[in-house]
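Worksheet: one structure, shown below.
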Amino acid sequence: MKSRYHLQKMAKAGVYLFFVCLFLVSLMVSPAAAQKQFIRFGDSNPGGFWFNVVAGLTTLFNEQIKNVNASCITTGGSTDNNRLARRHELDTWLTHSYAAYENWNGIGIFKNEPPFKNFRLLCKVYTGWPTLVVLADSNIYTLSDLKGKRVCLGGPGSGNYDTARYLLEPNGIWDHIKKQSISHAGCGRALVDGNSDAASGSACPSAAFIEVEVQRKIRFVSPSEEEIDIAAKANPFFTKDIIPPGGCYKSIQTPTLTPAYKVYWAAHKDFSPDMVYQMLKATFDTKNKDRVQAIHVSMKELGPEFNAMVPMKIPLHPGAVKFWKEQGMSVPNELIPPEMKGS
């Protein structure tokens, strides 16, 4: 009985010592753990361009920024990223300029929701060229020629659908086309089979139209400069650009005037300015240039490009302002966030 008592006493002492040691260990590791910065970076579907971009950048951050745990958050893409940002389920993400603009203002895709002002821009990732494609022997040459024609747009809410609407609606053509909601791949097949007269693409090149080109020559329906200006006035995220000869498809060997939109890197307003600064510093470090550009050819376009941001009236993140000023850039006053103007 006595030995059992001693064993129980020793066991209790052992448990006590265990918890004391656990407490002391927690005191030693907690300061380091407290400094750990977790980054939730929204991308897109696995296998997509954005998925690869974010995977490459988060790997870079985890290797080169101290006390960081950056994770790729798989999402449905631009619109989904903006919706997750509203719920503060992302710290940073990629977004099309039009999704960011509509989220900021509570219009278009977000027309049933209030304006969302709790995010900021970091930089431009690349330029997107929305296009309208027809077969080379088509009798459609201008936007006006689309009236009464079958235009394959993809599903409502898709990039193909929205970018076509942004261009055609302000120019008075949107309500005069026969809209076809088919998948983008299906639009390519419909062109070849003669079931569509034209098809919209939100990016250039497009895999669907590359497949069309294997069987038939294609060309663009290029808007005039005035038509692009009209679209840009209604949609400040649109800019003007030139698709170079062969810039998208082998069939098209002439320069083509086009509306353009940007893909931006954004972050929540409350995300650490120092961490935004550190992410940009790692991304644009000259020693990492080849590594970053190897992620995808479009990464060669990474940069500030403030002139396209100003009309959107979405400011830069304070961490981005600090970084770009250190690079000798003059940041337009319109892009200085209100939290910096008040300091």
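The values are calculated or read from the model by the stated rules, or taken from the named source; none is laboratory data. Note that this is a predicted model, so its numbers are computed, not measured. Don't worry about glycine lacking a Cβ; one is built from the backbone with ideal geometry, like all the others, and counts go over all protein chains shown.
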Starting from residues that are among the aliphatic types (A, V, I, L, M) and over 15 Å from ARG189 (Cα atoms), keep the ones in region 137-163 and report whichever is nearest to the chain's Cα centre (by Cα).
LEU143
Just to be sure I understand the filter: pairs with C-beta atoms under 6 Å, separated by 6 or more residues or on different chains, first member in region 138-156 and in contact (Cβ under 8 Å) with a residue 24 or more places away in the chain and closer than 19 Å to ASN195 by Cβ, second member surrounded by fewer than 17 Cβ atoms within 10 Å (Cβ to Cβ) and of a type in the set (Gly, Ala, Ser). Which pairs pass?
GLY155/SER181
Somewhere in region 222-238, is a residue assigned by TED's automatic domain parsing to the domain that holds GLU169, over 30 Å from ASN118 (Cβ atoms), exposed (fewer than 13 other Cβ atoms within 10 Å of the Cβ) and of a type in the set (D, E, K, R)?
yes
Filter region 225-255 down to the residues that are charged (D, E, K, R) and free of Cβ contacts under 8 Å to residues at least 24 places away in the same chain, then identify the one that is nearest to LEU132 (Cα to Cα).
LYS240
Would you check if there is a residue in region 151-172 being part of a strand (DSSP E or B) and in the same structural domain as ASN195 (by TED's automatic domain parsing)?
yes
Test result for ALA282, assigned to a strand (DSSP E or B) and assigned by TED's automatic domain parsing to the domain that holds GLY77:
no
Mind listing just one residue for me: the one in region 230-246 that is in a loop (DSSP other than H, G, I, E, B) and out of contact with any strand residue (DSSP E or B) (no Cβ under 8 Å at 6 or more places or on another chain) and, of those, farthest from ASP137 (Cα to Cα)?
PRO236
Close pairs from region 286-302: first in the same structural domain as PHE49 (by TED's automatic domain parsing) and free of Cβ contacts under 8 Å to residues at least 12 places away in the same chain, partner among the polar types (S, T, N, Q) and part of a helix (DSSP H, G or I), Cβ under 7 Å, at least 6 apart:
LYS300/GLN293
Selection within region 173-197 - crowded, with 18+ Cβ neighbours inside 10 Å, outside any helix (DSSP H, G or I) and not hydroxyl-bearing (Ser, Thr, Tyr):
ILE173, ILE177, GLN180, ILE182, ASP197
Could you pull out the residue among SER200, SER222 that is within 14 Å of TRP129 (Cα to Cα), assigned to a loop (DSSP other than H, G, I, E, B) and in contact (Cβ under 8 Å) with a residue 24 or more places away in the chain?
SER222
Please enumerate the residues belonging to region 263-299 that are within 19 Å of PHE49 (Cβ to Cβ), touching a strand residue (DSSP E or B) at 6+ places or on another chain (Cβ under 6 Å) and either surrounded by fewer than 22 Cβ atoms within 10 Å (Cβ to Cβ) or basic (Lys, Arg) (or both).
SER298
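Could you check region 252-277 and list, in sequence order, the residues that are among the polar types (S, T, N, Q) and in a strand (DSSP E or B)?
THR256, THR258
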